[in-house]
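Just so it is clear, none of the values below were taken in a lab; they were calculated from the coordinates. Note that this is a predicted model, so its numbers are computed, not measured. Cβ sites come from the backbone with ideal geometry, for glycine too, and all protein chains shown count toward neighbours.
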Amino acid sequence: MNQQIENIDYKWLTESTGDSFADAGGYALKEFAKRYPEKNILELIEEVTKIYVYRWEAKINPFFLNSKVTQPAFKAERKIDETMKYFRELIEGKTSIGTGYCRISGRKAQLFVAGRDNSILSGSGTFVNFHHTFEAGIMVSKEMLVRFHFVPLACILLQGRIALIHSNDNHLTEFFAAENCSKNLQDVAMNVSDGILKSTCKVPATALFRFIDEAVEASRDENEIKNFSLTLYHFTNFGASPEVQIYTLPSEVFAFYFFTRNEKVKEVWERFVGSYYRSSEFKGIKYNEMTRQFDFSRKNEVENIGQEVYQNWSNVVYNRLLEGRSILPLMRAWCEEHVFNLKIVDLYLTKVRHMKQEAQKKILELAELMVEFEGEHKIGKCIQEIKNAKSSSGLTRLLISKVLAKNLEMKNPTVLTVQECCEYLFPEGVFWRDVRDLFLIGIYQTLHEKGIYLNAAETVVEDESLD
């Protein structure tokens, strides 16, 4: 970027602030400026405004309400002229309301009014009691308002609303904004861009996990990205109904999902997850485990939907991970008929469900003993009794009668003490259904290792749904 204009702090045009929208705009500006190294900041603003006006037909209403660009009373040339007049006066400081501390960067600088016409979801200036001390809007520096102008390049259109991903790691935040900006500019160059970049994903949860896939693929050092959180803002600033929904992916879930991208477990995980994709567009589709495609009938012919398409659908596993609900029942259902990698279960329980590894080992040990004691012919009935357990006490009684009593009868060493039962099986903070589900997973895996496959299909437990 040509820095010939002096009365602006170039550092704060791209510096991380912690504000999701300001950061996205700053990183988009940084990426945009790489294409025009000879242009100054005003010329860059004019260039991006031309994209909004001429290529996108000024369709940035979800970001800025009644701005110079979106003003329907203005023709295209006037939209650009009015926008440039506003930013020239802004950079020259003519519209400043005084000096103070910027609400976003925290630095002392000339302050300007940020409202719905030049910033995102910041509140309407019409209602003066909306802001502190009856101010006309949020008071920010000129650099922040410049950054906001580039935010549309950093976002995607998802389910008819704007989506923006922010992370507690600046590299991931920059990656999302820069990638979208680059794709937008590529579409503009190919003359196929008619608005904000459209996401191929159908729901926010899938968009978050596909973003992690892209980040993992682009990263050279896996340690750079495995312990961070993500926040997706799904919003519109348009009309009388501005709204935002915020989806947060905690660092524990991020780390767990990152592990599933490891080549040693990736194929097993993808086969499991693949069976839980859902789409309302196709009726009667069925997941084909052999081809890892979805099959459906159309006019008496079987057609296939490949992974490149269905990986953008809604997924029960992803939805549960994002909502903080357990995916262990889904693993349990899958394990009844499939061999599964227990390292995935181990890390999920350790990282996400906070179950001690000692507890997991003890539960799996008890599962092996139950298979040994009950045998191939009785274990099916025993499994159904475990599924039907309604409480931790019911599960405990089953363990005592089916495992501990027989172990004592055979005069084997003690396998479970009262202290271990309290500390490992049902400690405070561990949900008893997780214990039940892991116990069943252990039984299924033991049976698979012995080459025993039960005919009974997975029974949906009364208090849970697998969809």
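Counting other Cβ atoms within 10 Å, keep those with at most 15, restrict to DSSP loop, and tell me which GluC sites (Glu not before Pro) in the stretch 254-318 are left. Present the calculation step by step, with values, prior to reporting the outcome.
On the way: sites: Glu263, Glu267, Glu270, Glu281, Glu289, Glu301, Glu303, Glu308; in loops: Glu281, Glu289.
The qualifying sites are Glu281, Glu289.
Relative to a virtual label point 7 Å from the Cα of Glu82 in the Cα→beta-carbon direction, which members of the stretch 45-74 show backbone nitrogen distances below 11 Å?
66-74
May I ask for the percentage of alpha-carbon pairs in the chain that lie more than 44 Å from each other? Working shown, then result.
Numbers: 33696 of 108811 pairs.
Roughly 31 percent, once rounded to a whole number.
Taking H placed 1.01 Å from N in the peptide plane, check which residues at least 5 places from Asn288 or on another chain put their amide H under 5 Å from its amide H.
Sorted by chain and number, the residues that satisfy this are Gln293, Phe294, Asp295.
Can you list the lysines whose alpha carbon is less than 29 Å from that of Lys11, not counting same-chain residues fewer than 8 positions off?
Here the lysines satisfying the reach criterion relative to Lys11 are Lys30, Lys34, Lys39, Lys50, Lys68, Lys79, Lys85, Lys94, Lys108, Lys142, Lys183, Lys226.
So what are the ³J(HN,Hα) numbers for the stretch 284-289, from phi and the Karplus equation (6.51, -1.76, 1.60; θ = phi - 60°), rounded to whole Hz, Gly and Pro as x?
So the J values, rounded to whole Hz, are x, 6, 9, 6, 9, 5.
Could you calculate, for the stretch 178-306, the ratio of the Cα radius of gyration to the Kirkwood radius, expressed as Rg to Rh? It would help to have the intermediate numbers written out before the result.
Working: Rg = 18.2 Å, Rh = 17.8 Å.
Rounded to two decimals, Rg over Rh is 1.02.
Set the Förster radius R0 to 25 Å, insert the Cβ-Cβ distance between Lys378 and Glu420 as r into 1/(1 + (r/R0)^6), and round the FRET efficiency to 0.05. Intermediate values should be presented prior to the final figure.
Values: r = 26 Å, r/R0 = 1.02.
The pair Lys378/Glu420 has a calculated efficiency of 0.45.
Using the Kyte-Doolittle scale, find the helices of the chain whose mean hydropathy is at least -0.5 and whose Cα atoms extend 18 Å or more along the helix's long axis, counting only whole DSSP H runs. Kindly include the intermediate steps, with their values, before the conclusion.
Details: long enough: 20-35 (24 Å, -0.35); 76-92 (24 Å, -1.00); 170-189 (28 Å, -0.39); 204-218 (21 Å, 0.53); 357-387 (30 Å, -0.45); 432-449 (26 Å, -0.12).
Long hydrophobic helices here: 20-35, 170-189, 204-218, 357-387, 432-449.
In a shell of Cβ-Cβ distance under 13 Å around Val339, excluding Val339 itself, what net charge do Lys and Arg (+1) and Asp and Glu (-1) give? Could the numbers behind the result be given before it?
Values: positive: Arg271, Lys343, Lys450; negative: Glu267, Glu289, Glu336, Glu337, Glu449.
Value of the local net charge: -2.
Taking R0 as 60 Å, what FRET efficiency do you get between His448 and Ser16 from their Cβ-Cβ distance, rounded to the nearest 0.05?
Values: r = 49 Å, r/R0 = 0.82.
According to the calculation, E is roughly 0.75.
Report the longest stretch of the chain that contains none of the chymotrypsin sites (Phe, Trp or Tyr not before Pro) sitting in a DSSP loop with at most 13 other Cβ atoms within 10 Å.
Numbers: sites that count: Phe127, Tyr453.
With a cap of 13 other Cβ atoms within 10 Å, the longest stretch comes to 128-452.
Please give the residues of the stretch 33-73, grouped as numeric ranges, whose backbone N is less than 20 Å from a label point set 7 Å along the Cα-to-Cβ vector of Ala240.
61-67, 71-73
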